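Working notes, structure below.
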Amino acid sequence: RELDLLYRHHACSNLLSCVATLESLSSLVQSLPRMIVMDEIGRQVELSLEAASLAQRNATLGIGDSSAVSATRARALAEDAFFHPSIMSISYASVEHYFAIYMPFFAPVCLHVLLAAIKELKRYKVERAKYSAFLLASQSRATTSS
C-alpha cells in the first residue's frame with residue numbers, strides 16, 4: 001500500500017516535470033521562427049507523449065510500478081528533446097546576440113567608410129564642376145578665336 005503511494009507520487013512528479021519540459025520546448029520553438037526542428041527531436045517528443053499517456057493509463061488501472069517507469073521514461077525523453085545539441089546551439093545564438101557581439105567591431109569601421117565615401121563624393125562634385133567650367137572656357141575660347 002505504501003509502496004503504491006510512493007509509485008504514484010513518483011509518477012505524478014515525473015509527469016509534471018515532463019509536461020513543464022515539453023511546454024518550455026514548445027514556447028522555445030515558437031519564439032524562434034527560423035529554428036529548424038529535426039525529425040529526431042519530433043520523434044523524442046512523440047515517444048515522450050506516448051510514455052506519459054501509458055503512465056496515466058497504468059495509474060488509472062492501479063499498476064503503480066509500471067506507471068512510475070513510464071513516467072520516468074516520458075520525463076527523460078522530454079528532457080532529451082529539450083537539451084538536444086541542435087536546439088541548444090540555436091537558442092543561444094539569436095540575431096540580437098550576434099548584433100550585440102559584432103556591432104562594436106563593425107560600427108567604427110562602417111562609420112569611417114561612410115565618412116570617406118561622403119568626402120569622396122563631395123570631392124568628385126567639386127572636380128566635376130571644375131572640369132565643366134574648363135570645358136565651357138575652352139569652348140568659348142575656341143568660338144572666339146574662330
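The values are calculated or read from the model by the stated rules, or taken from the named source; none is laboratory data. Since this is a predicted model, take the numbers as computed values, not measurements. Note: ideal-geometry Cβ built from the backbone for every residue, glycine included; neighbour counts use all protein chains shown.
Could you run through region 9-25 and say how many residues are loosely packed, with under 14 Cβ neighbours inside 10 Å and either within 13 Å of the chain's Cα centre (by Cα) or among the acidic types (D, E) (or both)?
Total meeting the criteria: 1.
Among the listed residues E46, E2, identify the single one that is out of contact with any strand residue (DSSP E or B) (no Cβ under 9 Å at 6 or more places or on another chain), free of Cβ contacts under 8 Å to residues at least 40 places away in the same chain, of a type outside the set (V, I, T) and surrounded by 12 or more Cβ atoms within 10 Å (Cβ to Cβ).
That would be E46, the only listed residue that is out of contact with any strand residue (DSSP E or B) (no Cβ under 9 Å at 6 or more places or on another chain), free of Cβ contacts under 8 Å to residues at least 40 places away in the same chain, of a type outside the set (V, I, T) and surrounded by 12 or more Cβ atoms within 10 Å (Cβ to Cβ).
Answer yes if at least one residue in region 44-57 is assigned by TED's automatic domain parsing to the domain that holds L3 and not in a helix (DSSP H, G or I), and no otherwise. Scanning region 44-57, I find no residue that is assigned by TED's automatic domain parsing to the domain that holds L3 and not in a helix (DSSP H, G or I), so the answer is no. Going through region 131-146 one residue at a time, which ones are in a helix (DSSP H, G or I) and exposed (fewer than 10 other Cβ atoms within 10 Å of the Cβ)? Residues satisfying the conditions are A142, T143, T144, S145. The set of residues in region 60-99 being β-branched (V, I, T), exposed (fewer than 13 other Cβ atoms within 10 Å of the Cβ) and either at pLDDT 85 or above or closer than 18 Å to V45 by Cα (or both) consists of T60 alone.
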